[in-house]
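Please read the structure below before turning to the comments.
The values are calculated or read from the model by the stated rules, or taken from the named source; none is laboratory data. Owing to the predicted nature of the structure, the values given are computational and were not obtained by experimental measurement. Cβ coordinates were reconstructed from backbone atoms using ideal geometry, including for glycine residues, and neighbour counts include every protein chain displayed.
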Amino acid sequence: MPSNWKRSPEALHKTYVANTEAFYKTAGRGLSGELDQFVTDCALQLWSRGGAVGQAHCDAANQIYSKGNIMPKWLLWELTGKICEPGDFLPPLFFWTLAETDKQRGTDCSRVFIRMLTNILLSLAAVDDEVSYAEAEYITAAGDKLSAICDSTGVKQGKPGLNPADYVTTAEPGFAEKHPVSAAGAAQGAAQAQKAAGETVEKPDFDALMAQLEELVGLEDIKRDVKSLMNLIKIRKLRQEAELPCPELSLHLVFLGNPGTGKTTIARILAGLYAAIGVLSKGQLVEVDRSGLVAGFVGQTALKTQEVIQSAMGGVLFIDEAYALSTGGQNDFGHEAIDTVLKAMEDHRDDLVVIVAGYTELMEGFINSNPGLQSRFNKYFYFDDYDADQLLAIFESKVQKGGYVLSDEAREAAADYFRDLYANRDENFGNGRDVRNTLEDVIVRQADRLAAMEEKPDRDALMLLTKEDFLPAPTAGKTE
């Protein structure tokens, strides 16, 4: 254990007490005994995902007790044995009761509990020198399962969660509100430079971006991956603040999947989240493909690529269909673009994130084409095709946002169309792009129908999409 470890066992206990006391202030102290045991069980499950258990874990386990309760006396050999027993996270029975009580009284103690538990688990995950992605996934799963109970029970949303760097779940302003320009390292320096130059420094809103993520249709596995990645970054920042060793963490990602599955949307949300959490200074997304990086003459590609990289500094460079850079042979200028991007990833690793995207099989070949790509891209997000119900949900969402209304017959026609589209999809299946193209075709048919009317259409007529507008069925597989 490093001698400069600021999160000592005593400090960890203070963190635990601060969080639990904030919860007891809203829910009462009646759960203190059950809560201590439950958090201990969660700690064992959490640490079981991190590999070997050491004295740091034992010391931490002995600090999991509420004010007024008896301090545990774990021995290392006892803890090691217990680590092998726990399984997946299961919400405790008392939480169901807590949620039901919230529903009856119009309170949000169960939501406060979730924020409290997340803060505690984040600090417990940071007690040793290694933090695994599996530990971050466990914390994400815990929050998701508890939140699902609140949602199903009808518990109100309550106040937004605080930044875990605060450790304490209270109604006080969050860390980002109290320290709007407080990100560590290069992000802080860039933000301060902007401020000194008179530029407005506005960090993206973390909670708003996470809410935007949740509102997306489908993508459940991707949502979990994003939440786990955010938890892993939070833990890393806590360890940096505690002057603990931090293993290398690559924020560069590979997005695998067919077109129209939400890859660009997720990349844009991630760019904002990276900035909100303080690992990037701006959070903009710069999207390019091969044509935006490769020029026609020797030496020009490097200059063109460097210009794109410069525009992406402080944010995310999103390279769509990245496999096109490596499929032109050894003398193709695409390799020059790859080498330039790889160098920038090394030179600007503190303020530049690169996401490459494309078809699954082609992207796997792209990554394997260059040892530098293999070493820098080790986290993969898999984007599945949308099913028929999800395609219909996306269509209805676009209809509503566009200021239109579907008749009942039109909705039935849409449901039949998307079921057929999904059942007969081929390599040209466009997912969300097909939905957008479908709506554009429907709107054109509506315009033709309304233009043929003798009387001027009123507001309701301008909004209504009918079965007539939907048929004949739009042509599937249209591309941009």
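Observations, loosely collected:
- Criterion: in a loop (DSSP other than H, G, I, E, B) and of a type in the set (Ser, Thr, Tyr) - qualifying residue of Thr261, Thr265, Thr301: Thr261
- Selection count where residues are part of a helix (DSSP H, G or I), touching a helix residue (DSSP H, G or I) at 6+ places or on another chain (Cβ under 8 Å) and farther than 17 Å from Phe318 by Cα, scope segment 343-373: 3
- Within segment 40-52, the presence of at least one residue that is farther than 30 Å from Asp151 by Cβ, surrounded by fewer than 19 Cβ atoms within 10 Å (Cβ to Cβ) and either at pLDDT below 85 or in contact with a Gly (Cβ under 8 Å, 6 or more places away or on another chain) (or both) is confirmed.
- Residues of segment 397-411 that turn out to be in a helix (DSSP H, G or I) and either within 20 Å of the chain's Cα centre (by Cα) or closer than 15 Å to Thr466 by Cβ (or both), as a count: 5
- Residue check, Leu325 in contact with a Gly (Cβ under 8 Å, 6 or more places away or on another chain), more than 22 Å from Thr264 (Cβ to Cβ) and in contact (Cβ under 8 Å) with a residue 12 or more places away in the chain: no
- Residue in segment 315-334 that is among the β-branched types (Val, Ile, Thr), under 23 Å from Leu249 (Cβ atoms) and crowded, with 22+ Cβ neighbours inside 10 Å present: yes
- Looking only at segment 192-216, and only at residues there that are outside any helix (DSSP H, G or I) and surrounded by 18 or more Cβ atoms within 10 Å (Cβ to Cβ), the one that is modelled with the highest pLDDT: Pro204
- From Leu362, Leu352, residue being surrounded by 15 or more Cβ atoms within 10 Å (Cβ to Cβ) and under 17 Å from His335 (Cα atoms): Leu362
- The conditions of being more than 24 Å from Tyr386 (Cβ to Cβ), hydrophobic (A, V, I, L, M, F, W, C) and either exposed (fewer than 14 other Cβ atoms within 10 Å of the Cβ) or in contact with a strand residue (DSSP E or B) (Cβ under 9 Å, 6 or more places away or on another chain) (or both) are met by Ala451.
- Hits in segment 412-428 - residues which are surrounded by 14 or more Cβ atoms within 10 Å (Cβ to Cβ), free of Cβ contacts under 8 Å to residues at least 40 places away in the same chain and within 31 Å of the chain's Cα centre (by Cα): Ala415, Phe418, Arg419, Tyr422
- Condition check for Arg376: closer than 23 Å to Ser228 by Cα, out of contact with any helix residue (DSSP H, G or I) (no Cβ under 7 Å at 6 or more places or on another chain) and not hydrophobic (A, V, I, L, M, F, W, C): no
- Some residue of segment 342-350 being touching a residue at least 40 places away in the same chain (Cβ under 8 Å) and over 15 Å from Ser291 (Cβ atoms): yes
- Matching option when the condition is within 20 Å of Ser375 (Cβ to Cβ) and modelled with pLDDT under 90, among Ser291, Ser326: Ser326
- So Ala43, is it part of a helix (DSSP H, G or I), in contact with a His (Cβ under 9 Å, 6 or more places away or on another chain) and not aromatic (Phe, Trp, Tyr): yes
- Every residue from segment 31-44 that is under 28 Å from the mean Cα position of the chain (by Cα) and either farther than 20 Å from Leu98 by Cβ or hydrophobic (A, V, I, L, M, F, W, C) (or both): Phe38, Val39, Cys42, Ala43, Leu44
- Screening Asp320 against (1) at pLDDT 90 or above; (2) on the phi > 0 side of the Ramachandran plot leaves a single unmet condition, (2).
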